[in-house]
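A.B. asks: The structure is given below, and queries will be raised subsequently.
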Amino acid sequence: MDNIEIKTGANLSRLLQSTVNIPQAFTELVKNSIQNFSTFTKINLLENSAVILDDGQGFDHEKDENGMSAFEKYFVFGNSYDLTGGEGIRLGQMGIGGKLANDKLSHEKDIYWTIETKNVHGKCFLVEYKPSGSQFLNEYSPSLTELSIDDCSIETDTGTKITIVSLKQNIQNDGWPKGAIQGELCTFFGFLLPQLEKEGKTFNIHLDGKSLDFSYKLPGS
C-alpha cells in the first residue's frame, strides 16, 4: 500500500485572508511587535507599498533546543510558536497571523513582501517571500540573505522592518482606508497601551509619522 503525500498549496493564504480585513492585518503586525519587546511600531502607508518598522528583538538566526531558528518557526504554516521565551504580553503566539497579514496586504496575483531584521546578536538578515500561486508551499523556500551592518537600514540596536513590495490592487486603485486603520488600532490597543504605561512600559504606534493617541476616558470616569 502506498501513502498519499499531503501538500499545502500557496493559494491557502488567499483562502485564509477572508478571515481578516485590511485594518485587522495591521493589528496583527503591531501585536507581533509588542510581543517582541518593541517600544514602537511605525506604519507608513505609501502609494504602492507599505512599511511596518519596530525596535523589537528581531529574528534570532540561532537554533533553539528543538533545532529551529526564529525564521524557520515563522514559516511553519498552521503552527504558532512563542519566540519570547515565555516573557512579555500574551496576545497570541507569532505564527500564521503575521504571514497572513503580509499576504492580505499584498497583490492578489503577485504576493511579494520582505522582512529585514537586526537581532540581539548584532546580525542583520533579509527575507524575501514571493511564491507562485501554483506552487506548493512545502516546495517553496523564501530567500534568506545576511546583510552587513552598513547595508542594514534598521537604525535601532535591534528591530524588524516588513515591506509589502507588491501592494493589493484595490488599495493601489482606491487608496488606503486610513481612517478605518486608525480606528481599528485605537479600538484594539486603546485599553492595552494605557495599562502598559501604568506598569512603566512604553509603546507607541505611529501612523504615517503621527503618534496615535490612546489616552481615552470612559464615560462617567
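Read-outs throughout are calculated quantities, based only on the coordinates presented, and are distinct from any laboratory measurement. Everything quoted here is computed from the prediction, not taken from an experiment. Glycine gets a Cβ as well: all are built from the backbone with ideal geometry, and neighbour counts include every protein chain shown.
A.B. asks: Can you compute the modelled spin-label distance between residue 76 and residue 173, with each label point 7 Å from Cα toward Cβ, in nm?
C.D. replies: Distance between the two pseudo-spin positions: 3.9 nm.
A.B. asks: Pairs of alpha-carbon atoms within less than 8 angstrom and 6+ residues apart define the contacts here; what relative contact order does region 112-199 have, in percent?
C.D. replies: Once divided by the residue count of region 112-199, the mean separation gives 31 percent.
A.B. asks: What lysines could a cross-link reach from residue 201, if we take a straight Cα to Cα line under 19 Å and drop same-chain neighbours fewer than 8 places away?
C.D. replies: Within reach: 31, 42.
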